[in-house]
Amino acid sequence: MNNGSILKSKNFIKTIICAFFLMLAAFPTHCFSQEKAAEGAEKRFDPKDIIFEHIGDSHTWHVLGHASLPLPIILYTDKGLEIFSSDKIKETEGEEGHNSRAVYQGKYYSYTSDHDKVKVVNAATGQIDEAATKNVWDFSITRNVASMWLSMIILLLIFISVSSSYKKTEGKAPKGLQSFMEPVILFVRDDIAIPNMGVKHAKYMPLLLTIFFFILINNLLGLVPFFPGGFNLTGNIAVTLTLAVIVLIVITFSGNKYYWKHIFKPDIPLWLYPIMVPVELIGIVSKPFALMIRLFANMTAGHIIALSLISLIFIFKTAWMSTVSVPFVIFMDGIELLVGFLQAFIFTMLSALFIGMAVDEHHH
């Protein structure tokens, strides 16, 4: 083996080691620590808690190690509006390994956190009052909401910069960020919008570009292991549901008379109407439903697999397991990088296809 090969091997090993520690830094260290049980023995490591904490939502934004940023809690009750910081009801670890709930006395009710859900506490008994909790509407700024705002700010900065570059370099070759973004924008137009929508594509280009880049930027940010928060926005069913509903609304209001005729008065024998019309109506909902589930399932699965592989080190309680799990995690991150682009493309392409079917003119 020559000196160049040895140097490359050393650099590869250093890369794996650095990636491993960066991945560990993405998650709260107290989650991976071996807690003490009531009898003083070690509490068994449970990867389920870490996985659900990462893929779920939270009222705090984890930064690094034990450090986290409290997010504002906004509650609308039957008596009025309540606003306070999430650190006032933060769950803390007790001496015997049990979580103790902090209680915050608000203007109208007392509140606590139960598995990242804000609950009303009965002042007399100190127990959670489920009946009173039903009267509280939670409009809090959670981690997913904050991460969505962050991705929107990034998108605005990118496209405002690209827009100003187009104005400054009109008729000239693109430069800088503009030269990087232009092929992607043309790809969405030429390979997604035009083949599925034809001449009517220009009307829907802003929607398709927004969907594509919104999904893509959130997929990529969710894959950065040392990114503060380590969020999983596109793996949240509420986010994918909202995107699917937007597509459904556009399809419904864009559908021409031929589209609706095909659903309610298809060119088939009359006795088939009781079968085909319900099937077509189900198809209206099933198309965006497929968009919602596909994006949610693919992105969530990738995060679960990566966390499960990292958890093997702490389940077997040996650093030697990192020689197996870390290369697999790096490989999975490479696959997820491809999946991040692929899911943004598939969601946008199917959205364009469904809208194109609704606006397409009738052909014999």
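The values are calculated or read from the model by the stated rules, or taken from the named source; none is laboratory data. In this text, all values refer to a predicted model and were calculated from it rather than measured experimentally. Because the Cβ atoms are built from the backbone with ideal geometry, glycine has one as well, and the counts that use them run over all protein chains shown. In case anyone asks, the SASA skips ligands and DNA or RNA and just uses the protein heavy atoms, side chains included. Shrake-Rupley method; radii C 1.70, N 1.55, O 1.52, S 1.80 Å.
Using Cα-Cα distances under 8 Å and only pairs 6 or more residues apart, what relative contact order does the stretch 190-349 have, in percent?
Working: 120 pairs, mean separation 53.1, N = 160.
Result for the stretch 190-349 is 33 percent.
Looking at the stretch 95-177, how many pairs of lysines come closer than 28 Å at the Cα, when each pair is eight or more places apart or spans two chains?
Close lysine pairs found across the stretch 95-177: 6.
Heavy atoms only, 1.4 Å probe, whole protein assembly: order THR348, THR242 by accessible area, highest first.
Greatest to least solvent exposure: THR242, THR348.
Can you classify the stretch 255-364 as rounded, prolate or oblate using the Cα gyration tensor, where a ≥ b ≥ c are the square roots of its eigenvalues, rounded means a/c under 1.5, and otherwise it's prolate if a/b beats b/c and oblate if not?
Prolate shape, in that a/c is at least 1.5 and a/b is the bigger ratio.
Determine the order of TYR104, TYR76 by accessible area, beginning with the largest, at a probe radius of 1.4 Å.
The most accessible residue leads, giving TYR76, TYR104.
I need the shape label for the stretch 285-346. Rule: rounded when a/c is under 1.5, else prolate if a/b > b/c, else oblate, with a, b, c from the alpha carbon gyration tensor.
Values: a/c = 7.05, a/b = 2.42, b/c = 2.92.
Oblate shape, in that a/c is at least 1.5 and b/c is the bigger or equal ratio.
For the stretch 137-281, what does the alpha-carbon gyration tensor say about shape, rounded, prolate or oblate, given a ≥ b ≥ c as the root eigenvalues, a/c under 1.5 as rounded, and a/b over b/c as prolate?
Oblate shape, in that a/c is at least 1.5 and b/c is the bigger or equal ratio.
Solvent-accessible area of PHE316, probe 1.4 Å, all protein chains present, reported in Å² to the nearest ten, please.
The accessible area of PHE316 comes to roughly 120 Å².
Give the peptides 254-267, 299-312 in descending order of average Cβ contacts within 10 Å, highest first. All intermediate terms of the calculation are to be shown ahead of the outcome.
Numbers: 254-267: 13.3, 299-312: 20.5.
With the highest mean Cβ count within 10 Å placed first, the list reads 299-312, 254-267.
Can you give the accessible area of SER113, probe radius 1.4 Å, in Å² rounded to 10?
Roughly 10 Å² of SER113 is accessible to a 1.4 Å probe.
Ignoring ligands, DNA and RNA, what percent of the accessible area of the stretch 304-346 is carbon or sulfur (1.4 Å)?
C and S atoms contribute 86 percent here.
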